[in-house]
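Written out below as structure tokens is the structure these notes cover.
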Amino acid sequence: MFLRKMSVSHAQAGADFVAPSDMMDGRVKAIRSKLDAAGFTKTGILSYSAKYASSFYGPFRDALDSAPGFGDKKTYQMDFRTAPKH
């Protein structure tokens with residue numbers, strides 16, 4: 001799995017945390033196992049639990065040619081105006 005290799009690569013480069021955008025079933029466990037096996041037991045995995053509807057994603061989607069084929073993704077992304085204030 002590519003995410004496991006990428007996570008170890010980031011840890012080798014000095015990352016304290018990895019934050020994969022793919023949090024599908026079993027992926028976090030697979031990443032944790034690979035990090036542990038490589039000796040990075042203290043490298044954390046940061047959850048990708050919230051995604052905000054924002055124009056900041058536009059250039060990323062354009063670069064990957066992954067813009068939605070129809071409609072938009074705002075139906076399952078959070079409105080940035082309701083983000084918690086710190």
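Of the whole protein surface, Met23 contributes about 60 Å² of accessible area at a 1.4 Å probe radius. Taking amide H positions as modeled 1.01 Å from N, with prolines and chain starts lacking one, the residues under 5 Å from Val18 and 5 or more places away or on another chain are Gly44, Ile45, Leu46.
The values are calculated or read from the model by the stated rules, or taken from the named source; none is laboratory data. Being a predicted model, the structure only gives us computed values, none of them experimental. SASA here: full protein model, heavy atoms, side chains in, ligands and nucleic acids out. Shrake-Rupley method; radii C 1.70, N 1.55, O 1.52, S 1.80 Å.
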